[in-house]
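Novice: Have a look at the structure that comes next, please.
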Amino acid sequence: MQITKQGKYLRILSPAKVNLFLDVISKRPDGYHELESIFQTVNLYDVIRMTGTKSGIRLRTNHPELSVNKDNIVYKAAMLIKNEYRIKQGVEVFIDKNIPIGGGLGGGSSNAASTLIGLNRLWELGLSQSELALQAAKLGSDVPFFIYGGTALVKGRGEIVFPLNLKPRLHYLLVVPSFPVPTKKVYQNLKLGLTKPNPDIRILIKALRNNNYTALTRLLYNRLETTVLQLYPDLRRIYEQLIEHLYDGLLVSGSGSTIFRLCRSEKEVKGLTERLSQDNIVTGRGMGISKVLEVTTV
Ligand code: C5P
């Protein structure tokens, strides 16, 4: 997570993620699902700006649909740290939103992790990454990963994070639909035990390590994909169109709604974006696509 001081403000770059692999192992007694996943941060960022105040927590944002109240995960993150470490001072946080909401790109979780990292600095708490990750798990399943970022193997309900020192050079075309998908709904409709055997996550990690793009394309996997495409016929239509125009290497990110296309180079990403716009896929009437973004691993 990149953090810089600008006058009285801390400025934190809060990245989006994609899941190259997401298997759901079982449903747990607590209602959550046991996962095995490869998370990867990409260079699509929200910007979190924070400054110390005398007391209280104040949120502001440039996004018209984002709540700035107690239900915002950034507010919850600040509250958690204030209570846990008995902090008297306050904080003002501005969230500059670029990551689509409800897009399966982890924006909210990333913002929460950025807030924890920022407050650790602002209030000079001296917490280690693993201590921050422990607090992060209280806020949401995907939050601990963002304390580390990069490429990571993620297990449990999301709280067990093994950072992988891989730094793969991969590019992605993100196709962002104009509608969000609530994660909870996808998990609630997931039927376990009805699928064919999944690709092996260890083989995918090996392919990542070797920068074996061809193998990676074949090994991309998301156990939630069938469910989300069944729940959202509009998303299925987009997916089918994309298969026609972008061929393989396509996957829904997390619980959706974003669909990404893995690419081997920036040139390939640019070529595919051009092809989509020439074929009138992005602007096509009724296509339900809000935007197409070109990103790379960070
Ligand atoms: O942890 P978080 O609040 O981000 O999760 C949102 C929803 O996603 C949960 O309420 C749960 O229904 C589902 N979920 C799950 N298993 C996970 C992660 C999330 O069932 N490992």
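Values quoted throughout were computed directly from the atomic coordinates according to the rules given, and no laboratory measurement underlies them. Every value quoted in this text rests on a predicted model; they were computed, and no experiment measured them. Neighbour counts are summed over all protein chains in view; Cβ atoms, including those assigned to glycine, are modelled from backbone coordinates with ideal geometry.
Novice: How are the alpha carbon pair distances in segment 1-135 distributed across 5 Å bins from zero to the largest one, expressed in percent?
Specialist: It works out to 2, 10, 19, 21, 20, 14, 9, 4, 1, 0, in whole percents.
Novice: Report the full-extension gain for the segment Gln89 to Glu244: residue separation times 0.36 nm, less the Cα-Cα distance, to one decimal in nm.
Specialist: Length gained, Gln89 through Glu244: 50.3 nm.
Novice: Starting from a Cα-only point model with no solvent, please compute log10 I(q)/I(0) by Debye for segment 85-136 at q = 0.17, 0.29, 0.32 1/Å.
Specialist: After summing over all Cα pairs, the log10 values are -0.61, -1.18, -1.29.
Novice: Still on this structure, please answer the following. Sort 256-269, 13-26 by the packing proxy (mean of other Cβ within 10 Å over each peptide's residues), most packed first.
Specialist: Final packing ranking: 13-26, 256-269.
Novice: What is the mean projected area of the alpha carbon convex hull for segment 151-222, to one decimal in square nanometres?
Specialist: Values: hull surface 26.3 nm².
If you wrap the Cα atoms of segment 151-222 in a convex hull and average its projections, you get 6.6 nm².
Novice: Can you tell me the relative contact order of the chain? Whole percent, Cα pairs under 8 Å, sequence separation 6 or more. Write down the numbers at each step before the final one.
Specialist: On the way: 611 pairs, mean separation 64.2, N = 298.
The normalised contact order for the chain reaches 22 percent.
Novice: For a label point 7 Å from the Cα of Leu192 along Cα→C-beta, name the residues of segment 138-158 whose backbone N is under 18 Å from it.
Specialist: What the label zone holds, given the 18 Å backbone N cut-off, is 141-142, 154-158.
Novice: Summing Lys, Arg as +1 and Asp, Glu as -1, what charge do residues with Cβ under 9 Å from the Cβ of Ile3 carry, Ile3 excluded?
Specialist: Working: positive: Lys5, Arg11, Arg121; negative: none.
After counting each charged neighbour, the total is +3.
Novice: Excluding Tyr32 itself, what net charge comes from residues whose Cβ is under 11 Å from its Cβ, given Lys and Arg +1 and Asp and Glu -1?
Specialist: Here the count lands on +1.
Novice: Taking segment 33-92, how much of its Cα-Cα pair set, in percent, is spaced more than 15 angstrom apart?
Specialist: Working: 1094 of 1770 pairs.
Summing the P(r) tail past 15 Å for segment 33-92 gives 62 percent.
Novice: Quick one: what does P(r) look like for the chain with 10 Å bins over all Cα pairs, in whole %?
Specialist: The distribution over the chain is 6, 28, 34, 23, 8, 1, given as percents.
Novice: Provide, for q = 0.20 Å⁻¹, the log10 of I(q)/I(0) from a solvent-free Debye sum over equal Cα point scatterers in segment 1-66.
Specialist: Computed log10 I(q)/I(0) values: -0.92.
Novice: If you don't mind, there's one more thing I want to ask. Can you give me the P(r) profile for segment 198-288? Cα pairs, bins 5 angstrom wide beginning at 0, each as a whole percent.
Specialist: In whole percents, the pair-distance histogram is 3, 13, 21, 23, 19, 14, 6, 2, 0.
Novice: Run the quick spin-label model on Asn212 and Ile3: label points 7 Å from Cα toward the beta carbon, then report their separation in nm to one decimal.
Specialist: Between Asn212 and Ile3, the label points sit 3.8 nm apart.
Novice: Show that you can apply the helix-only estimate: for the chain, add -39,500 (n - 2.57) for every DSSP H stretch of four or more residues, divide by all residues, and state [θ] at 222 nm to the nearest 500.
Specialist: Dividing the helical sum by the residues of the chain leaves -10000 deg cm²/dmol.
Novice: Just grab the label-to-label distance for Asn69 and Arg237, each label 7 Å out from Cα along the Cβ direction, in nm (one decimal).
Specialist: 3.4
Novice: Express the Stokes-Einstein translational diffusion coefficient of segment 115-265 in µm² s⁻¹, to the nearest whole number, given a Kirkwood radius over alpha-carbon pairs, 25 °C and a viscosity of 0.890 mPa s.
Specialist: 141
Novice: Once the Cβ-Cβ distance between Lys184 and Asn62 is put in as r, and R0 is 35 Å, what FRET efficiency do you end up with, to the nearest 0.05?
Specialist: Once the sixth-power term is evaluated, E becomes 0.85.
Novice: Going by average Cβ density within 10 Å per residue, which order do the peptides 288-298, 272-282 take, highest to lowest?
Specialist: Details: 288-298: 17.4, 272-282: 15.0.
Peptide ranking by packing, descending: 288-298, 272-282.
Novice: Where does each of 165-176, 140-151, 207-218 land if you order them by average Cβ count within 10 Å, highest first?
Specialist: 140-151, 165-176, 207-218
Novice: Another question, then. Pulled fully out, how much extra length does the chain show between Val282 and Glu131, if you take 0.36 nm times their separation in residues and subtract their Cα-Cα distance?
Specialist: Fully extending the segment from Val282 to Glu131 adds 50.0 nm.
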